[in-house]
1. Of (1) touching a helix residue (DSSP H, G or I) at 6+ places or on another chain (Cβ under 8 Å); (2) closer than 20 Å to residue E:148 by Cα, residue E:34 satisfies all except one. Which?
2. Report yes if residue B:163 is closer than 30 Å to residue B:62 by Cα and open to solvent by less than 20 Å² (accessible area, probe 1.4 Å), otherwise no.
3. Wholly within region E:117-228, which strands (runs of 3 or more DSSP E) include no fewer than the required count, namely at least 2 residues that are open to solvent by 50 Å² or more (accessible area, probe 1.4 Å) and touching a helix residue (DSSP H, G or I) at 6+ places or on another chain (Cβ under 9 Å)?
4. Given the conditions (1) among the polar types (S, T, N, Q); (2) over 24 Å from residue E:224 (Cβ atoms); (3) open to solvent by 40 Å² or more (accessible area, probe 1.4 Å); (4) at pLDDT 85 or above, report the number of the one that residue E:14 does not fulfil.
5. Looking only at region A:345-371, how many residues end up being open to solvent by 30 Å² or more (accessible area, probe 1.4 Å) and out of contact with any Leu (no Cβ under 9 Å at 6 or more places or on another chain)?
6. If we scan region B:54-67, do we find a residue that is within 7 Å of chain D (Cβ to nearest Cβ), open to solvent by less than 60 Å² (accessible area, probe 1.4 Å) and more than 15 Å from residue B:170 (Cβ to Cβ)?
7. Please work out if residue C:192 is touching a residue at least 60 places away in the same chain (Cβ under 8 Å), within 14 Å of chain E (Cβ to nearest Cβ) and not in a loop (DSSP other than H, G, I, E, B).
8. Which ones in region D:131-159 are hydroxyl-bearing (Ser, Thr, Tyr), open to solvent by 30 Å² or more (accessible area, probe 1.4 Å) and over 25 Å from residue A:94 (Cβ atoms)?
Amino acid sequence: MKKLLAGMMVAALAAGLIGCSSDVDGEGKKEVYKIGAIYSKTGPGSPLGEPEWNATELLEKQINDQGGINGVPIDIILADDESTPEKATEEMNRMINDEKVLAVLGSTTSGASLAMKGIAMDNEIPLISAGAAVGIVSPAEESKWVFKTPHSDAHAVERIYMYLKDQGLKDVAILADSNAFGASGVEQLEALKSDYGIKIVANESYNTDDADMKTQLTKIKSSGAKAVIVWGTNPGPAIAAKNMKELGMDIPYIGSHGIANQSFIELAGDAAEGVVIPTGKLLFPTQIPNDDPQYKVISSFYDSYKAEFGGEPTNFGSYGYDNIMLVVEALKSGAKDPEAIRDYLENKVKDYVGATGIFTFSAEDHNGLKADSMVLAEVKGGEWTFKK
Amino acid sequence: MSSLLQVKNVTKRFGGVVANRNVSFTIEGKNITGLIGPNGAGKSTLFNMVSAVFPPSEGEIWFENKRIDALPSYKIAPMGISRTFQNLQVFKKMTVIENVMVGLHTRTASSLAAAAFRLPRSRKDEEFIYENAMEVIKFIGLEDLIEVDAGNLPLGKLRLLELARALATKPKLLLLDEIAAGLNHQETLEMSELILKIRDRGISIFVVEHDMDLVMRICDKIIVLDQGEKIAEGTPKAVQNNQRVIEAYLGAADEKELTV
Amino acid sequence: MNDSIQFLISGLTIGSIYAIVALGFVTIYSVTKVINLAQGEFVMLGGMTMFSLIKLGIPYFIAFLLTVVIVMAIGWLVEWAVIRKAKGADPLSLIILTIGTAIFIRGIAGMVWGKNSVKVEPFTNDVPINILGASITPQSVWVMVFMLLVVLVLYFLIEKTMLGKAFRACSVNPTAARLMAISPKKMSSLSFALSAGLGAIAGLVIAPIMFPSYDMGIMLGIKGFSASILGGLGSAPGAVIGGLLLGVIESLGAGYISSGIKDAISFGVVLMILLIRPFGLLGEKNVGKGGL
Amino acid sequence: MRKGVQSFSWKGIAVFSALVISFPFLFSSSFYLTKATFAGIYTIVAVGLGLLMGFAGQISLGQAAFYGIGAYSTAILSTTFGLNPWLTLVISLAAPALLAYLLGHTMARLHGYYLAMATLAFGIVIHVLLTEWKSVTKGASGFFGIPKIELFGFTFRQGISYYYLVWAFALIVIILSLNIIHSRIGRALRSIHDSEVASGAMGVDTGKYKMQVFIISSMFAGLAGWLFAHMSYSISPGSFGLNGSILFLTMVVLGGGTSIWGAVCGALLISAISIIVHTAGSHVSFITSDFEQVLYGFIMMLIVIFLPQGLVPAIASKLKKQKQKSARANKVPAIGTVKGDQNV
Amino acid sequence: MTSSILEIKNVSFSYGPIKALDHISFEVKKGEIVALLGANGAGKTTMLNNISGLLKPASGQIYFKNEEITKLEAEKIVEKRLILVPEHRQVFSTLSVIDNLYLGAFHHFKKTGKKEVDQDIEKIFDLFPILKERKEQLGGTLSGGQQQMLAIARAIMAKPELLLLDEPSLGLAPLIVKEVLEYVKKLRDDFGVTVLLIEQNVSASLKIADRGYVMSHGSIIKQGSSINLLDDPEIKEAFLGHTVS
């Protein structure tokens, strides 16, 4: 019995050893910059994580093809956390202690990012997350080593509220996914409503795998809402759009940046017409004005991404892009250790033009974006069009 | 002093089928009582009611002046009733000694917490259990097999194991359900000797059996069931020559009487 | 008032789906005493196969029939390759076995079809119909029609045909059935094929409503299982009642209490009903034990 | 005093402890250490679930809920209310136990598939509450800012110290469980599994012990939750849903619920499999986490079909049969020593 | 010369450690009624289950119409028209009487066609009028005797050449036993069905049987014509144990 157990342990360990040995590199190799990147390539977060993963692969190649950073190649170690905090924890420890990376990028989901945050703080390694939750970079005193590049939900909400104010719509309803993405959106929608004089007359949610949302929409309909804000990623919002049409609800449908992709339109079909969302500009690189400061960055990233992978990078691709490029900026400036990279990010990144927006980090703000990094898009004729 | 076990007017129905109708009998102390009857006569049903597998539909069962017919089966073991099973309900994945040790469950009382932390109470109980189990095993004659998984035993030993396990509870009344089923002649003989030996220890025994040799040899009193009803009661000899019993077993012969 | 009608219609639509899935559970259970927790995967396979066939350019109606046939074949295969091999296992093992099967099928589906949701066109146009101020889409009507159709066909099959009698015979007394030359093994295969077919139909009718994806089977399977338990295992009318009840509770719970905790409400109700009636609404007391 | 009868073999524990202690020295990699730490946490849950399934014969499709209650109890109390984690450990044990006690009365009336449904429903209800009771649990994004465990001024952080902390608890749980199954109550429980009728006739109060084991298993899950919460900076409801419950189930099924070591092995093997897939995945492109899921499903099917009692009991009984064969051949009846580990 | 329709050669069978059949051999000739007698636990039911394919012998062979059926599945053996009426009758309790009868015809239903099967059912109703009265009633709600008749009727629907009857008198009142056994005789006389019957009701069964075998502890200990067996004093001993003198 015990022998058996011991045998099993040894077998498991042996399997591990084989894994280890392949990672052993000879000493005295020439210098590389090692960066870790953990994204959700699989699992429920994969629609978000995949463009981030792809963008990371693409950029590593591009940078090294161009001779690296100041002549030093960059080595990005990619890992999939399968959208779980446990795997993210394991990978984060590997990145920091085994791979000895200078900084870690990721992860896609808030839960995983928060789990990684604790480890980054313990080990004093900079972490740049692509997660949505505000908790990733706040409170500031607990987030010294953690940054994030995605449009904060707050920005998206501000953008929406500004639009609603312009349109004179005060009474709104929320329909949000009950997952982390939706929850984070709702939190900001609630937090910022009074700043814009918005009244939330109905606050509904749905499960990611719900087939039908007519019940929630009926409630919204009766609540007298003048617009409905739907916060989630595909396919939920598409079902909501379809259900609204079926219920004959013609109030404006405001989406989140979670559906800033072509597949939303494909799924929702006609029902997508007129849907307005806040989004990064990467959604329609050809439509943004040439004089936009981000124009060059966005169009070149978009083109090379499309050429490499065929699909759209979506907003999430831009987070993957900016996460790397910010570290690369720091490395370029000569920051070669984790602390220097962190310091550079916090103090030197001012008006940096990224794919997501224009970043200005500070000790209090580790997100660095403003609401104007987002624009509004509307579905017209089966396509996302630049609205404002 | 009244009888050890009293079955009073017991009736059992399953759905519409009456398995036992108005059966009454008593079992005295230090006695072997047999329950026989043709297939389908309701022996098992009656036996199961006495061992509290299920309650009777009507009637009462008393043991040592306590009414037991509504009790769950686990409550009658501590009172002094124990049984074996015809279809061998040994704990197959446990060793012989562990099987017998389960029999001593009701004679100890240390709690789960005591067990988990191996408190002195638990240790003392375990020692008591082990010693008593060994004693019973030696009495039955299974001491060579204590470490063997019950599932690997041959039939004869399984029957002995069931007996040992039942004895470990220190019963006043031992119920044996077809204890000789499947045994060969020699084994059956040995079993009867063993049963008599147990009786001599002062334990009352109630057997359901279809091996007539065994029943006739060991029983002090026999109760005969047919069609759910008691049709005869008495000494083996009386029962064997009772016309109703012969009919029940061999069928009524209306034209040509069976002659013996 | 209009709201409650709308809630009811939504609840009945989704409840009809649960009912079809639950009938799949019952079909297998009543013949084999196996609860097939991979039933939801049959639903998923229905939706995804339909999508693929249409994408291949196969006409809608033919794709529909083909889907049912393909999924039935998979159901038959599952019985033959997996369930039959574990003959006589207890319910606990069977639950684990079919969960394993579900995970396996789902994993393969994820690799074959990818993770994204797909779209399947509705059977007929999607202009909603107005009833008492509530709106109902033609597809929702189809869902209910199919549910009733399935119930009718099953009723006819079980009550009026020799095959149905053989099914019932196997369920009451497999040994006696064998003595009538009815092979419980064959009936077990057939019941799996049949219930896979039911799953496929559920997948087909719901596909235009909910954008199928590789993992849609989990929740539908669980809801179908709940519905069949709620109604009482092995009871077809129970499954239908359970399914509709679950759908309506969910919808009313979301409508009048909170959409966030609607699942907690519906499963809370399931727990409570089990507390009051440990054998479901129409269940018999002696069921609940497994084994072929 | 006859040691053999009253306790299990300490040798097994000693060998296993030695392996546990030496692991970090053999494998300094932080990745393995983290994996092994999680494996320890899972072991605690699996041992509890193994007791429930293998010894009380009850299924639980909602074990992750107890795990989650343990984790959230401590997270909320130690963060929001600033209580010392050692203090909240009591709550992390008591809260699942209380719930199990209340639920146990319902469960006691249910059997087979109905029981499976009830535990499944319970798991879902708890998961929904963790997600939706935002004011307390901070909702789906996760609860964060959980303090670390401290002992005499030493802070347990992820890494070697936490590894040892977790495995110290895991070993305690294993020893307690072995103690239980080698006591009168353990034998009673095992007897229930073989023949409930016979154990009833031996005076074993089946319902009482099933309830006790249900409570114990929920407490173990709660303990694991406590360890998990304080390991990480944050916890989120996703870790405590159906997937988690099924993962625990897989561990027990794989290793074998009728043995404490089986549950331990199951937890370790599942962790090992994920390491192997991870390693293989970096070389072979189609081996992804999707493949891992397919593999889990496949393993569950194979085990139920070919080794329904699980790996460890299957191998143990084979070894034992051999031993008994050779013992019989040598005609050496082994009297007086009943080795405890034969049935574990 | 009457050929044997069923031949049992050296069949043994064990339930785990319990040996139930020990090298049993016997035969049944076409057109006979043969009774297999013995006390509880003698192995009679096990024998019938081995013949019908529900159990598989550990060793030995079974021939039906000179064809070996030892390894055939129960379902296939039914198709060869060897039908067992099992112990405790085993009617489909939640199916109606008429559905029970239809199921009897399951193996030849397609070949025979519904019309003919319906005619067969009418014939059965002539034989057992009580079943006609109760045809819509559920099998489980019938009385014991009626269930026994239904079980036999259901077996007849399968068009048997050899009918195995497992204790048709079990749990029935003496009058009903007589009635049931009368039907069995009628089956042989009017339908030409060969019957192998196991019974503990010795006198009643030997009255209708041509020959009998007596089993004890898994072996056949005695055989002979019914008349001879009825007169044999050892029979009583086999059933009631050693006579206490």
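The values are calculated or read from the model by the stated rules, or taken from the named source; none is laboratory data. This structure is a prediction, so every number in the text was calculated from the model and none was measured. No Cβ is skipped: glycine too gets one built from the backbone with ideal geometry, and neighbour counts run over all protein chains shown. What goes into the accessible areas is simple: the full protein's heavy atoms, side chains included, and nothing from ligands, DNA or RNA. Shrake-Rupley method; radii C 1.70, N 1.55, O 1.52, S 1.80 Å.
1. (1)
2. Numbers: closer than 30 Å to residue B:62 by Cα: yes; open to solvent by less than 20 Å² (accessible area, probe 1.4 Å): yes.
Yes; evaluated as a whole, the condition is true for this residue.
3. Working: elements: E:162-166, E:194-199, E:211-216, E:219-225.
Counting at least 2 such residues, we get E:219-225.
4. In the conditions (1) among the polar types (S, T, N, Q); (2) over 24 Å from residue E:224 (Cβ atoms); (3) open to solvent by 40 Å² or more (accessible area, probe 1.4 Å); (4) at pLDDT 85 or above, residue E:14 misses (4) alone.
5. Of the residues in region A:345-371, the ones open to solvent by 30 Å² or more (accessible area, probe 1.4 Å) are A:347-348, A:350-353, A:358, A:360, A:362-365, A:370.
Next cut, out of contact with any Leu (no Cβ under 9 Å at 6 or more places or on another chain) only: A:347-348, A:350-351, A:353, A:362-365, A:370.
The total comes to 10.
6. Of the residues in region B:54-67, the ones within 7 Å of chain D (Cβ to nearest Cβ) are none.
Among the residues of region B:54-67, not one is within 7 Å of chain D (Cβ to nearest Cβ), open to solvent by less than 60 Å² (accessible area, probe 1.4 Å) and more than 15 Å from residue B:170 (Cβ to Cβ), which makes the answer no.
7. Details: touching a residue at least 60 places away in the same chain (Cβ under 8 Å): yes; within 14 Å of chain E (Cβ to nearest Cβ): no; not in a loop (DSSP other than H, G, I, E, B): yes.
It is false that residue C:192 is touching a residue at least 60 places away in the same chain (Cβ under 8 Å), within 14 Å of chain E (Cβ to nearest Cβ) and not in a loop (DSSP other than H, G, I, E, B).
8. From region D:131-159, those hydroxyl-bearing (Ser, Thr, Tyr) are D:131, D:135, D:137, D:141, D:155; that's our starting set.
Those left that are additionally open to solvent by 30 Å² or more (accessible area, probe 1.4 Å): D:135, D:155.
Hit for region D:131-159 is D:135, nothing else.
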